[in-house]
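A.B. asks: The structure's right below; bear with me while I get my questions together.
The values are calculated or read from the model by the stated rules, or taken from the named source; none is laboratory data. None of these values were measured; they are calculated from a predicted model. Here Cβ is always computed from backbone atoms with ideal geometry, including for glycine, and neighbour counts include all displayed protein chains. Side chains included, ligands, DNA and RNA excluded: accessible areas come from the protein's heavy atoms. Shrake-Rupley method; radii C 1.70, N 1.55, O 1.52, S 1.80 Å.
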Amino acid sequence: MPLLLTDLRADHLTDPLALRRTTPRLTWRLGADGTACAATAHRIRITGAHGDEAHDTGWIETSDAALEPEGFAGEPGAEYRWHLAVRGDDGSVAEASAGFGIGLADWDAPWAEPVQERVLTEGPLTLGPEAFAPAEDATPPGERLHPPRYLRQEFELPAAPVSARLRITSQGVHQPSLNGLPAGDGLLAPGYESYQHEISVMTHDVTALLREGANVLGVILGDGWYAGRISILGRSAQYGDLLRATWRLEVELPDGTRRVIRPDAAVRSSRGAIDWSDIFIGERHDATAAVQGWDAPTDDAEAFAGWTPCALVPVDVPLVPFVGEPIRRVRELPAQSILTTPAGETVIDFGQVMAGRVRMRVRGERGTVVRLEHAEVLDAEGDFLNNILGVNKDQADEYVLAGDEAGEEWEPLFTFHGFRYVKLIGYPGSPAPEDFTAAVIANDLEQTASFSSSHARLDRLVENTVWSQRSNFLAVPTDCPQRERAGWTGDLQIFAPTAATLMGVAAFLDRWLANVRVDQAAHDGVVPIIVPMPPAMDDPDLPNAGLGDIRDAAGWSDAITIAPWELYRHYGDPRFLRDNLDAMRIWVEHQTAVAASTLPAGLDPATLSEERLARQRLLWNGRMNFGDWLAPSTLDGSRPEADGLDGFAAIMLAPQLTAELTGPLFQIRSLDLYAASAEALGDTATAAQVRAQATAVRAAFAAEYVGDDGRIGPDMQGIAVLALAFDAVPAEVRPRVVERLVELVHEAGIHLDTGFVSVPFLLDVLWDEGHPDLARALLIQDTAPSWLYEVDHGATTIWEAWRAVHEDGTVERMSMNHYAFGCVVDWMMRRLAGIEAVEPGYRRTRIAPDLDGVLDHCRAHVDAPAGRIAVDWRRDGATAELTVELPLGVGADVDLAPGWILDGSAALSPGIHTLRARRTEESTAS
Ligand code: BGC
């Protein structure tokens with residue numbers, strides 16, 4: 001029986017139209033149709049658009065299901081098909097084919113720049129209290145914001161095309177249409193990126209939208225991230241204050257001739273029905289001002305005479321192909337209920353915290369204004385509470401009714417909100433739940449894992465994490481979808497292993513890492529704490545620019561070593577390492593140089609012994625950073641130093657106590673991962689040299705900070721966890737550090753006292769150091785701070801702080817949708833469900849169900865590159881049954897806890913296995 005070939009992908013995508021790399025990585029999955037068959041060789045032929053042969057790899061003897069065809073480089077703008085043949089060990093040959101295209105390398109079209117008012121530059125420049133204060137005297141948005149521009153280009157075609165591609169991008173966000181129909185189903189294109197360095201071009205197949213004769217290309221242009229209010233400060237016009245779009249509509253006609261339509265003198269623009277639109281502030285749509293048929297052909301020569309011609313401006317920034325899943329509506333949630341709150345307000349509850357916007361049906365008099373305000377929580381009394389503070393962070397949409405008797409429907413175009421509840425103001429008649437739908441928007445990533453068990457609250461925790469990922473994998477990986485919406489590098493690295501398990505993030509993070517590299521290059525090797533780094537927070541000439549002295553940070557900037565490594569581990573794609581290796585090197589060299597030239601604030605070189613000075617000069621500990629950010633005991637007053645602190649001062653206590661230690665600990669982490677990456681790519685000499693440096697840093701750290709009694713620095717859980725996880729304590733002291741960590745956990749009443757950067761490692765460290773029961777107890781702890789406290793207090797996403805909602809229902813003005821603490825899902829998949837990659841790409845997998853833990857059964861899967869790895873296990877007293885499903889190309893070892901015996905072999909080959917296990921008599925007796 002031949003093999004079955006499925007999931008043919010180029011650069012992790014199905015039939016992508018415009019890749020950035022000219023030599024894509026081609027991958028596929030193998031199925032065996034029930035027969036035992038293994039792949040022994042493959043061959044790939046690549047053909048051009050007209051079937052012409054472009055490349056032939058010949059037969060390659062290998063069982064791999066991935067290839068970067070050596071010697072093939074696609075032509076910019078060309079499209080190809082690849083034809084895969086795989087030979088099985090029974091001699092049979094299977095065949096399948098798929099497509100890919102290469103995006104343009106050079107751009108030859110101008111910007112179309114409509115006549116427009118410039119975007120007002122507003123918002124605070126520094127992170128003072130005003131950045132978090134509601135703008136009490138803010139001028140109404142209508143007086144501050146300008147209307148989006150509507151662009152219209154008429155053109156003639158002698159015949160309906162056989163093929164047409166629209167390549168389009170903008171400074172601002174754009175929505176393209178052809179002859180009145182949307183071109184593609186993407187939203188908020190081209191997304192958010194380091195626009196000053198490069199801007200992505202979207203590619204759409206628009207063959208079906210064009211016709212013989214008159215055609216019209218329409219483009220709506222809004223402020224978006226480019227010109228609108230963004231990031232922690234809510235400041236506008238960060239990248240520019242004029243909106244522009246450029247496009248190439250490439251048409252192939254039936255006679256084989258080609259035409260390219262670019263912006264030209266025919267492009268005219270006007271304002272339309274949208275009065276204003278801003279990512280943060282919201283959108284106002286005046287349906288009384290709608291221009292019917294604005295993007296469709298017309299016989300009325302005068303219809304658009306009042307529209308003004310656009311200026312044609314040279315494109316002066318590199319344009320690159322957008323590769324990956326666009327932002328789309330990924331879910332639609334019906335309103336669950338409409339409440340009248342104690343304060344008498346009408347509030348719609350969608351039952352789920354999310355990122356998106358509301359689609360509303362309404363019928364009423366022309367000119368009626370309906371306003372929708374968004375928030376994630378209700379307060380302790382059950383009243384609507386805007387939990388996001390900050391100038392320009394209104395999160396409110398308005399709709400002016402046209403007065404259509406049949407009713408009208410509206411959803412904003414260029415904004416989104418972080419919300420569960422919507423306050424409805426001015427709705428005519430009595431609102432009914434069926435008139436409101438939440439459109440959840442996100443980059444449309446496939447979900448690649450599941451977890452369902454006998455523990456409903458743990459299942460909900462996983463579900464909440466998926467929702468926080470869905471809400472924050474939106475344009476770039478963000479901290480939260482309401483208050484900041486910023487690409488905080490720390491949040492992403494913390495969550496990266498979970499992110500890669502739960503969703504197909506390869507293309508999304510590949511794109512973001514390209515932004516990290518260009519932002520790093522623009523910062524002399526410093527990896528910024530936010531990518532894209534908004535220019536206003538980044539101007540050294542400003543007093544206290546953005547975040548004061550913190551430009552790079554331990555556990556934030558180290559995303560450049562951690563994220564590529566985690567992606568390599570998950571996808572087995574060495575390009576994540578190859579593409580980022582140089583950036584890793586530059587980053588660790590920067591750390592080394594800063595270490596050699598700075599000392600912690602309290603240290604005076606004159607009073608240090610030579611030996612100590614030499615040690616301190618190895619440690620990256622002389623700069624302020626965020627430390628173990630939000631460590632609970634620094635916020636809840638349980639530490640003596642926290643006495644009397646509140647607000648910002650309390651938040652900054654964790655950095656003050658821990659930054660000197662998280663610096664060198666993450667320095668060790670980055671050195672280790674840089675060394676491992678070099679080694680994985682075959683550069684053993686670099687790996688050895690970097691490892692030697694890591695050894696020296698470890699020794700210096702231990703001598704400077706690790707006490708013989710096992711206490712480290714401020715003696716907090718998080719620091720002990722990181723020191724153990726990153727192997728920064730000498731072997732002889734290790735047992736005492738573990739003992740001290742265990743004591744600290746008990747002193748905290750079996751609660752977490754780990755902040756952002758240490759929490760991903762807490763449960764693994766306890767487990768690996770012989771305290772699995774304590775790890776399990778922390779996982780199912782349900783008083784704060786703990787994961788299940790959130791679940792029990794109504795969380796539908798992961799909160800920014802463990803006590804964002806207090807026992808008495810009091811709500812902190814914090815984000816309810818921060819994925820960082822959801823990092824525990826990676827641990828649950830590995831240690832509870834029991835699926836863990838041992839070799840990159842899961843080629844070797846460990847199956848280690850937690851038969852001694854809190855679950856009676858668990859069913860979970862991870863979609864590895866080779867295919868689905870699934871477990872389904874059930875424990876019944878002293879026996880357990882386990883079903884494991886492995887795709888071709890994946891081998892696994894079953895690894896049960898001591899006290900359990902497996903009936904049969906622990907080494908599993910591809911296929912479905914049903915296994916039994918029982919407790920040993922000794923373990924049953926004890
Ligand atoms: C963000 C975080 C971020 C942090 C830096 C916050 O305001 O929401 O998630 O990583 O600042 O410490």
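A.B. asks: If I take every Cα pair under 8 Å that is 6 or more residues apart in region 840-925, average their sequence separation and divide by the length, what percent do I get for the relative contact order?
C.D. replies: Relative contact order here is 28 percent.
A.B. asks: Taking all protein chains as present, what is the carbon and sulfur share of the accessible area of the chain, in % to the nearest whole number, probe 1.4 Å?
C.D. replies: Here it works out to 49 percent.
A.B. asks: Please identify the longest segment of the chain free of exposed trypsin sites (Lys or Arg not before Pro), where exposed means a DSSP state other than H, G, I, E or B and no more than 12 other Cβ atoms within 10 Å.
C.D. replies: For trypsin sites (Lys or Arg not before Pro) (loop position, at most 12 other Cβ atoms within 10 Å), the longest site-free span of the chain is 367-926.
A.B. asks: Cβ under 9 Å from Ala897's Cβ, Ala897 left aside: what net charge do those residues give with Lys, Arg +1 and Asp, Glu -1?
C.D. replies: Working: positive: none; negative: Asp850, Asp852, Asp895.
After counting each charged neighbour, the total is -3.
A.B. asks: In whole Hz and in residue order, list the ³J(HN,Hα) couplings for region 321-329 that follow from phi through the Karplus curve 6.51 cos²θ - 1.76 cosθ + 1.60, θ = phi - 60°; x for Gly and Pro.
C.D. replies: x, 7, 10, x, 7, x, 6, 9, 6
A.B. asks: Also, quick follow-up: Over the alpha-carbon set of region 229-292, work out the extent along each principal axis and list the three values in angstrom, largest first.
C.D. replies: Taking the Cα atoms of region 229-292, the three principal extents are 53, 32, 20 Å.
A.B. asks: Put a dot 7 Å past each Cα toward the Cβ at Arg118 and Ala214; how far apart are the dots in nm?
C.D. replies: 3.8 nm
A.B. asks: Now for a different question. In region 373-432, which GluC sites (Glu not before Pro) are in a loop and have at most 14 other Cβ atoms within 10 Å, using DSSP for the loop call?
C.D. replies: Glu381, Glu405
A.B. asks: Which shape class, rounded, prolate or oblate, goes with region 805-880 when its Cα gyration tensor gives a ≥ b ≥ c as root eigenvalues, a/c under 1.5 marks rounded, and past that a/b bigger than b/c marks prolate?
C.D. replies: In terms of gyration-tensor shape, oblate.
A.B. asks: Right, here's the next one. So, for the chain, what is the accessible surface per residue at a probe of 1.4 Å, expressed in square angstrom?
C.D. replies: Accessible area per residue, the chain: 36 Å².
A.B. asks: Roughly how big is the chain's charge dipole about its Cα centre, with Cβ charges of +1 (Lys, Arg) and -1 (Asp, Glu), in debye to the nearest 20?
C.D. replies: Charge dipole, the chain, about its Cα centre: 1160 debye, nearest 20.
A.B. asks: If you average the alpha carbon positions of region 192-243 and of region 606-654, how far apart do those two centres end up, in angstrom?
C.D. replies: So the separation of the two Cα centres works out to 43 Å.
A.B. asks: Suppose every Lys and Arg Cβ carries +1 and every Asp and Glu Cβ carries -1, with no other charges. What dipole size does region 3-101 come out with about its Cα centre, to the nearest 20 debye?
C.D. replies: The calculated dipole for region 3-101 is roughly 220 debye.
A.B. asks: Quick check for me: using +1 on Lys/Arg Cβ and -1 on Asp/Glu Cβ, what's the dipole size of region 383-525 about its Cα centre, in debye to the nearest 20? Numbers along the way, then the final one.
C.D. replies: Numbers: 10 positive and 21 negative charges, 157 e Å.
Rounded to the nearest 20 debye, it is 760 debye.
A.B. asks: Over region 592-643, what is the relative contact order in percent, taking alpha-carbon pairs closer than 8 angstrom and at least six residues apart? Mind dumping the intermediate values first?
C.D. replies: Working: 41 pairs, mean separation 19.5, N = 52.
Once divided by the residue count of region 592-643, the mean separation gives 38 percent.
A.B. asks: Only loop residues by DSSP count here, and only those with at most 15 other Cβ atoms within 10 Å; note down the GluC sites (Glu not before Pro) in region 792-844 that meet that. Write out the running numbers ahead of the final one.
C.D. replies: Details: sites: Glu800, Glu807, Glu812, Glu836; in loops: Glu800, Glu807, Glu812.
Of the GluC sites (Glu not before Pro), the ones in loops of region 792-844 whose Cβ has at most 15 other Cβ atoms within 10 Å are Glu807.
A.B. asks: Taking 1 over the mean of 1/r across every pair of different Cα atoms in region 92-178, what Kirkwood radius in Å do you get?
C.D. replies: Kirkwood hydrodynamic radius for region 92-178: 19.3 Å.
A.B. asks: So how much slack lies between Glu61 and Arg259, counting 0.36 nm per residue of separation and subtracting their Cα-Cα distance, in nm?
C.D. replies: Gain in length upon complete extension: 66.9 nm.
A.B. asks: In region 709-754, which GluC sites (Glu not before Pro) fall in coil by DSSP and have 12 or fewer other Cβ atoms within 10 Å?
C.D. replies: When the GluC sites (Glu not before Pro) of region 709-754 are filtered for loop state and at most 12 Cβ neighbours within 10 Å, Glu732 remain.
A.B. asks: Where does the chain land on the Kirkwood hydrodynamic radius, alpha-carbon pairs, in angstrom?
C.D. replies: 29.5 Å
A.B. asks: Follow-up. Mind checking the alpha-carbon convex hull of region 329-443 and giving the volume per residue in Å³?
C.D. replies: Details: hull volume 12.6 nm³, N = 115.
Expressed per residue, the convex hull around the Cα atoms of region 329-443 is 110 Å³.
A.B. asks: For n ≥ 4 DSSP H runs only, could you compute -39500 (n - 2.57) per run for the chain, divide by its residues and tell me the 222 nm figure to the nearest 500?
C.D. replies: That calculation yields -7000 deg cm²/dmol at 222 nm.
A.B. asks: For region 249-308 and region 777-844, compute the distance between their C-alpha centroids and round to whole Å.
C.D. replies: 46 Å
A.B. asks: Got a sec? Which residues in region 886-926 would a label at Ala878 touch, if it sits 7 Å along Cα→Cβ and we count backbone N under 16 Å?
C.D. replies: Under 16 Å, as judged by backbone N against the label point of Ala878, lie 899-903, 917-926 of region 886-926.
A.B. asks: When averaged across all projection directions, what area in nm² does the alpha-carbon convex hull of region 111-324 cover?
C.D. replies: Mean projected area of the Cα convex hull: 12.9 nm².
A.B. asks: I would also like to ask the following. With only alpha-carbon atoms in the gyration tensor, what are the semi-axes of the equivalent ellipsoid for region 427-507, in Å, largest first?
C.D. replies: 27, 19, 12
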